[in-house]
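The structure is given below, and queries will be raised subsequently.
We did not get these values from a lab; they are worked out from the coordinates using the rules stated. Quantities reported herein were computed from a predicted structural model and do not represent experimental measurements. Here the Cβ positions follow ideal geometry from the backbone for every residue, glycine too, while neighbour counts run over all protein chains shown.
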């Protein structure tokens, strides 16, 4: 009489495989989540940069159209189509640059400042008349 011998996994082998898979998952999941978080933060910073550059372009357009520097951001027509960016501080500098802080991108607070908060001193000009020595 010949016995049919079936090969199968034992319960202990199956539990061992599940434990190993759980350990691997505990190691991999935080790594993947950290990569996703870093990518999101980098994308938010790029959104703030793009928004700041679009404000600077709007300032240049305002200067060309009106011949004067805008006194507030409300005077500008900003063409920006990225993620929603809302900043608590928007400073227009005299050199046509912008300083943005306290920004939120699609509801997420981003610890990042765009531009420089140092406003350069206004240039001084001396009026000369014909015949003056310069």
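Which of (1) crowded, with 17+ Cβ neighbours inside 10 Å; (2) outside any helix (DSSP H, G or I) does residue 62 not meet, given it meets every other one?
Against the list (1) crowded, with 17+ Cβ neighbours inside 10 Å; (2) outside any helix (DSSP H, G or I), residue 62 comes up short only on (2).
In addition: I'm trying to understand the selection: among the residues of the range 70-94, which are over 19 Å from the mean Cα position of the chain (by Cα) and loosely packed, with under 15 Cβ neighbours inside 10 Å?
Within the range 70-94, 71, 72, 74, 75, 77, 94 qualify.
In this structure, is residue 24 over 27 Å from the mean Cα position of the chain (by Cα) and either free of Cβ contacts under 8 Å to residues at least 24 places away in the same chain or part of a helix (DSSP H, G or I) (or both)? Reasoning before the result, please.
Values: over 27 Å from the mean Cα position of the chain (by Cα): yes; either free of Cβ contacts under 8 Å to residues at least 24 places away in the same chain or part of a helix (DSSP H, G or I) (or both): yes.
Answer is yes for this residue.
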